[in-house]
């Protein structure tokens with residue numbers, strides 16, 4: 001019996017280890033407001049190509065002429081690549097235009113609906129109305 005109990009404990013631990021990251025995911029519309037969108041035009045200052053989301057920072061010129069740093073979240077790297085965006089396309093110094101859903105907390109954070117690259121190519125994301133959890 002002790003061997004069976006130990007095996008069950010190991011199996012339960014494995015299930016928890018695999019399932020735990022799923023609880024950390026969020027639905028896009030919980031963090032970002034699909035009713036409040038904007039278009040950010042600026043220059044990429046930093047990009048993080050890692051799980052669970054590709055995140056890029058862009059400096060956008062505000063109404064007062066000052067540069068305002070924005071953090072823009074997208075889908076997982078695999079999803080973004082499947083939509084045609086490669087790492088060499090989105091990197092520091094690249095001018096972009098991105099239609100985004102703004103963060104509900106009013107911060108300079110947003111979720112990308114589209115990313116338009118300098119040559120005019122538009123990369124689509126799932127959008128802020130997605131009912132599915134972000135990867």
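Each reported figure results from applying straightforward, stated rules to the coordinates on display, with no laboratory input. Since we're looking at a predicted model, the values are computed, not measured. Neighbour counts run over all protein chains shown; Cβ positions are idealised from the backbone, glycine included.
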Counting other beta carbons within 10 Å of each residue's own, what order do 119, 73 fall into, fewest first? 119, 73
Spin-label model distance (nm) - residue 48 vs residue 91, 7 Å beyond Cα toward Cβ: 2.0 nm
Under the 7 Å Cα-to-Cβ spin-label approximation, residue 55 and residue 78 lie apart by a distance in nanometres of 2.1 nm
Spin-label model distance (nm) - residue 30 vs residue 117, 7 Å beyond Cα toward Cβ: 3.3 nm
Scaled radius of gyration (Cα, divided by 2.2 N^0.38 Å) that region 28-124 gives: 1.00
The relative contact order of region 40-104, taking Cα pairs under 8 Å that sit 6 or more residues apart, comes to a percentage of 40 percent
Taking 49, 70 and counting other C-beta atoms within 10 Å, the order from fewest to most: 49, 70
Extension gain, residue 66 back to residue 41 (0.36 nm per residue minus Cα-Cα distance, nm): 7.7 nm
